[in-house]
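Everything on this sheet refers to the single structure shown next.
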């Protein structure tokens, strides 16, 4: 296993342990500790006015968001690397299916037109999680040797896409879904041969 993959696995394992500790705290109905770096950044003027239920759910969901944030961005990096290898500098035009490419370009232009700061210079950052799965499925030749099974990858990405909804739309994950997230994450790394 490459050193960078060992570091990724170490970080992921730490997130899983943290999630298990958060779940234990939720099951016991208590907080043993808070992450001081997060607590220090919360606006103390308005945050305490939110119902305790939502603040507790937010604390419980924070670790799931962090896991998914790392996962989704590492998948984007994997896709960028694979398509750059396969298509060189033309990876965006040659490697990204046209409907996905056009949707991403349109979304980026929409952000620019609002006058705000675009989220990224990399157009791949404007694709959805489901589109990332489609890219892998439709450009399989670029991913040969990167996965033990592309069928397994598609299955795992489909499962993760279903779990992403509640996380992205600020809804708590049921206990079974938290477990499913962790198992799907392990399946993702297994599909990469790690």
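The values are calculated or read from the model by the stated rules, or taken from the named source; none is laboratory data. What you are looking at is a predicted structure, and each value in this text was computed from that prediction instead of being measured. Cβ sites come from the backbone with ideal geometry, for glycine too, and all protein chains shown count toward neighbours.
Return only the number of the condition from (1) more than 20 Å from the chain's Cα centre (by Cα); (2) at pLDDT below 90; (3) part of a helix (DSSP H, G or I) that residue 23 does not satisfy.
Going through (1) more than 20 Å from the chain's Cα centre (by Cα); (2) at pLDDT below 90; (3) part of a helix (DSSP H, G or I) one by one, residue 23 breaks only (1).
Can you name every residue in the range 126-142 that is assigned to a loop (DSSP other than H, G, I, E, B) and under 16 Å from residue 81 (Cβ atoms)?
127, 139 - these are the residues of the range 126-142 that are assigned to a loop (DSSP other than H, G, I, E, B) and under 16 Å from residue 81 (Cβ atoms).
Taking only pairs six or more apart or across chains, which ones have beta-carbon atoms under 7 Å, a first residue in the range 166-194 that is assigned to a loop (DSSP other than H, G, I, E, B), and a second residue that is modelled with pLDDT of 90 or more and loosely packed, with under 14 Cβ neighbours inside 10 Å?
Qualifying pairs under 7 Å: 193/148.
Are any residues in the range 81-96 in contact with a helix residue (DSSP H, G or I) (Cβ under 9 Å, 6 or more places away or on another chain) and within 26 Å of residue 182 (Cβ to Cβ), and if so, which ones?
Hit for the range 81-96 is 82, nothing else.
Cβ-Cβ under 6 Å, sequence separation 6+ or interchain: first residue in the range 74-95 and at negative phi and exposed (fewer than 15 other Cβ atoms within 10 Å of the Cβ), partner modelled with pLDDT of 95 or more and assigned to a helix (DSSP H, G or I). Which pairs?
94/87
Scan the range 116-125 and tell me whether some residue there is under 13 Å from the mean Cα position of the chain (by Cα), surrounded by fewer than 19 Cβ atoms within 10 Å (Cβ to Cβ), touching a residue at least 24 places away in the same chain (Cβ under 8 Å) and part of a helix (DSSP H, G or I).
yes
Just a yes or no: is a residue in the range 147-166 under 20 Å from the mean Cα position of the chain (by Cα), over 20 Å from residue 69 (Cβ atoms) and surrounded by 18 or more Cβ atoms within 10 Å (Cβ to Cβ)?
Checked against the condition, which is being under 20 Å from the mean Cα position of the chain (by Cα), over 20 Å from residue 69 (Cβ atoms) and surrounded by 18 or more Cβ atoms within 10 Å (Cβ to Cβ), the range 147-166 yields at least one hit.
Which residues, taken from the range 143-156, are assigned to a helix (DSSP H, G or I) and touching a residue at least 40 places away in the same chain (Cβ under 8 Å)?
Residue satisfying the conditions is 143 alone.
State whether one or more residues within the range 100-109 are exposed (fewer than 12 other Cβ atoms within 10 Å of the Cβ), without any contact (Cβ under 8 Å) to a residue 12 or more places away in the chain and at positive phi.
No, because not a single residue in the range 100-109 is exposed (fewer than 12 other Cβ atoms within 10 Å of the Cβ), without any contact (Cβ under 8 Å) to a residue 12 or more places away in the chain and at positive phi.
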